[in-house]
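Everything on this sheet refers to the single structure shown next.
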Amino acid sequence: IAKEVAKLLEMKAQLGADEGKHKFVLKTPKGTRDFGPKEMAIRERAFKAIVSCFKRHGAEVIDTPVFELKETLTGKYGEDSKLIYDLKDQGGELLSLRYDLTVPFARYLAMNKITNIKRYHIAKVYRRDNPAMTRGRYREFYQCDFDIAGQFDPMIPDAECLKIVHEILSDLQLGDFIIKVNDRRILDGMFAVCGVPDSKFRIICSSVDKLDKVPWEEVRSEMVGEKGLSPEAADRIGEYVQLHGGLDLIERLCQDPKLSQNKLAKEGLGDMNLLFEYLTVFGITGKISFDLSLARGLDYYTGVIFEAVLLQQENEHVEEPVSVGSVAGGGRYDGLVGMFDPKGRKVPCVGVSIGVERIFSILEQRLEASGGKIRTTETQVLVASAQKKLLEERLKLISELWDAGIKAEMLYKKNPKLLNQLQYCEDTGIPLVAIVGEQELKDGVVKLRIVATREEVNVRRESLVEEIRIRTREC
């Protein structure tokens, strides 16, 4: 019997191996995608704009591992903790893929006893979410974070974070946007005066956070039906969370008979008033809305919170507007570092995360709709030959250009036709062609052709590098 069973198992294994060959599916895992040269060119441009803004504001750059000890991430994200990817135990440590860049940053500060840093971090994060890839929602995606850690006077770093969001969204020209701001202390004070038990603050906060996606009626029924809040408390919350405005609303709430009696709300409103003063100096209040429905469901926020939202895109090229929701968010989290510090030492922090995947979705769709071409290389010049048997001369010239830091290409053929070489430049957007021919070699010159205008000029060999630099600066 054992022999027969072994035979059958062997046959099954062979069948399984054959089946595998036929069933092999070429696809990326759910919630992920490949990025070809065109997509990467769009991404690199956006990253360049974001990084240059972070650097303009004096940030240093750090990196952290893609996975953390599971206990590092546990209990930091509220209801979203269920979206953390846990890894199989591979050697005595329970690990999880990072969910965001903020908690690893707080761990890094506590571990290295850093009390003062302004840093940015651009890296991939992972969420076991239901992907909606058309709207830039993935399971693996990039975050671009900027954070200021340290004890400073109130609202100065917070105002700078909002200025950074304003600069980046303006620079990327994504269309009209609004940055909603609120404060966790105002929310908690509001919950207290509305009769929400302390134990339910965080879960009610998560419900309020859904107001940008679903109507108030649905949020109310979730609070009452699923989370056990009294209908009266839910109705009182409803009166507040539908308010939004500017300094006028802050002043009105300071006079509110209930809120003005709550210590937390009073602190939050005082800081919000200060924040708007600084934002007025920066000249960006036209894009800022104090919005009481903004909650941001993450557990670690302690003060100011904000979220940038793109407004309806009116675009003649796109039949349906691109609906992407929030494109940046952040806030103040003064207690997170203390959770990791053995002595509980707190390092106040405020930061912002740019939702680059959603931004990329808009930029890609916009380019597709307009039919615009995008260059996928930065090649400045193609080294070409006009006659046969000049491969060595082309290799010699291209080597000189590479050594001088010029971005150059040539076709990998011994004797390419000049027409094919020129066509390659047209197809790929290379602006210049450096042509070597027998006469040019005798005269010690190179014929430089401007692809767009088809104009040709003879340039002394020793002046070629400088001429290419001047002409590509103009392109």
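The values are calculated or read from the model by the stated rules, or taken from the named source; none is laboratory data. Here the structure is a predicted model, which means the values were calculated and not measured. A quick note on method: Cβ atoms are made from the backbone with ideal geometry, for glycine too, and the neighbour counts reach across all protein chains shown. Quick note on the areas: whole protein, heavy atoms, side chains included, nothing else; ligands and nucleic acids left out. Shrake-Rupley method; radii C 1.70, N 1.55, O 1.52, S 1.80 Å.
Ser385 - would you say it is more than 30 Å from Leu310 (Cα to Cα) and touching a Pro at 6+ places or on another chain (Cβ under 8 Å)? Spelling it out, Ser385 is indeed more than 30 Å from Leu310 (Cα to Cα) and touching a Pro at 6+ places or on another chain (Cβ under 8 Å). In the set (1) surrounded by fewer than 20 Cβ atoms within 10 Å (Cβ to Cβ); (2) at pLDDT 95 or above; (3) under 17 Å from the mean Cα position of the chain (by Cα), the condition left unmet by His166 is number (1). For the stretch 149-159, the condition holds for at least one residue, the condition being that it is crowded, with 16+ Cβ neighbours inside 10 Å and under 21 Å from Leu73 (Cα atoms). Among the residues of the stretch 144-156, is any part of a helix (DSSP H, G or I) and under 25 Å from Cys254 (Cβ atoms)? Within the stretch 144-156, one or more residues are part of a helix (DSSP H, G or I) and under 25 Å from Cys254 (Cβ atoms).
For the stretch 99-112, does any single residue satisfy the condition of being under 18 Å from Gly338 (Cβ atoms), among the basic types (Lys, Arg) and buried (at least 19 other Cβ atoms within 10 Å of the Cβ)? Taking every residue of the stretch 99-112 in turn, at least one turns out to be under 18 Å from Gly338 (Cβ atoms), among the basic types (Lys, Arg) and buried (at least 19 other Cβ atoms within 10 Å of the Cβ).
Okay, residues lined up against (1) in contact (Cβ under 8 Å) with a residue 12 or more places away in the chain; (2) closer than 22 Å to Asp80 by Cβ; (3) touching an Asp or Glu at 6+ places or on another chain (Cβ under 7 Å):
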{"position": "Cys205", "(1), (2), (3)": "yes, yes, no"}
{"position": "Lys210", "(1), (2), (3)": "yes, yes, no"}
{"position": "Val214", "(1), (2), (3)": "no, yes, no"}
{"position": "Glu217", "(1), (2), (3)": "no, no, no"}
{"position": "Ala265", "(1), (2), (3)": "yes, no, no"}
{"position": "Asp271", "(1), (2), (3)": "yes, no, yes"}
{"position": "Leu274", "(1), (2), (3)": "yes, no, no"}
{"position": "Gly283", "(1), (2), (3)": "no, no, no"}
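Scanning for something of a type outside the set (Val, Ile, Thr), more than 20 Å from Gly330 (Cα to Cα) and open to solvent by 60 Å² or more (accessible area, probe 1.4 Å), does the stretch 266-276 turn up at least one residue? The answer is yes; a qualifying residue exists. Only a single criterion out of (1) modelled with pLDDT of 95 or more; (2) in contact with a strand residue (DSSP E or B) (Cβ under 9 Å, 6 or more places away or on another chain) is not satisfied by Leu95, namely (1). Here is a check on your reading of the model: is Ile179 touching a His at 6+ places or on another chain (Cβ under 8 Å), assigned by the TED database to the domain that holds Ala110, within 22 Å of Leu253 (Cα to Cα) and open to solvent by less than 40 Å² (accessible area, probe 1.4 Å)? When the stated conditions are applied, Ile179 passes them. Filtering the stretch 213-237 down to residues that are crowded, with 16+ Cβ neighbours inside 10 Å and among the small types (Gly, Ala, Ser), which residue is nearest to Leu294 (Cα to Cα)? Filtering the stretch 213-237 for residues that are crowded, with 16+ Cβ neighbours inside 10 Å and among the small types (Gly, Ala, Ser), the one nearest to Leu294 (Cα to Cα) comes out as Ala234. Listed by first and then second residue, the pairs with beta-carbon distance under 6 Å, at least 6 apart or on different chains, first residue in the stretch 371-388 and touching a residue at least 60 places away in the same chain (Cβ under 8 Å), second open to solvent by 40 Å² or more (accessible area, probe 1.4 Å) and part of a loop (DSSP other than H, G, I, E, B), are Gln380/Lys407.
In the set (1) modelled with pLDDT of 95 or more; (2) loosely packed, with under 15 Cβ neighbours inside 10 Å; (3) closer than 18 Å to Leu311 by Cα, Ile284 fails one condition alone, (2). Within the stretch 238-261, being in contact (Cβ under 8 Å) with a residue 40 or more places away in the chain, touching a Leu at 6+ places or on another chain (Cβ under 8 Å) and assigned to a helix (DSSP H, G or I) holds for Tyr240, Val241, Leu249, Ile250, Leu253, Leu259. Just to be sure before I move on: is Val125 assigned to a strand (DSSP E or B) and under 21 Å from Val352 (Cβ atoms) in the structure I sent? Yes; evaluated as a whole, the condition is true for this residue.
What residue, among those in the stretch 446-475 that are part of a strand (DSSP E or B) and open to solvent by less than 20 Å² (accessible area, probe 1.4 Å), is farthest from Ala408 (Cα to Cα)? That would be Val459.
Table: residues versus (1) more than 21 Å from Arg56 (Cβ to Cβ); (2) of a type in the set (S, T, N, Q); (3) in contact (Cβ under 8 Å) with a residue 60 or more places away in the chain.
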residue	(1), (2), (3)
Thr115	yes, yes, yes
Arg119	no, no, yes
Ile122	no, no, yes
Val125	yes, no, no
Pro131	yes, no, yes
Arg137	yes, no, yes
Ile148	no, no, yes
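Of all the residues in the stretch 63-86, those that are aliphatic (A, V, I, L, M), in a loop (DSSP other than H, G, I, E, B) and buried (at least 19 other Cβ atoms within 10 Å of the Cβ) number 1. Selection within the stretch 87-98: residues that are part of a loop (DSSP other than H, G, I, E, B) and among the hydrophobic types (A, V, I, L, M, F, W, C). The member of this set that is most open to solvent (accessible area, probe 1.4 Å) is Leu94. Can you go through Tyr85, Tyr108 and tell me which one is closer than 26 Å to Arg345 by Cα and of a type outside the set (S, T, N, Q)? The unique qualifying residue is Tyr108. Scanning the stretch 346-395 for residues that are assigned to a strand (DSSP E or B) and open to solvent by less than 10 Å² (accessible area, probe 1.4 Å) yields Cys349, Val350, Gly351, Val352, Ile354, Val381, Leu382, Val383, Ala384, Ser385. Residues in the stretch 29-38 that are surrounded by fewer than 10 Cβ atoms within 10 Å (Cβ to Cβ) and more than 27 Å from Glu378 (Cβ to Cβ): Pro29 only.
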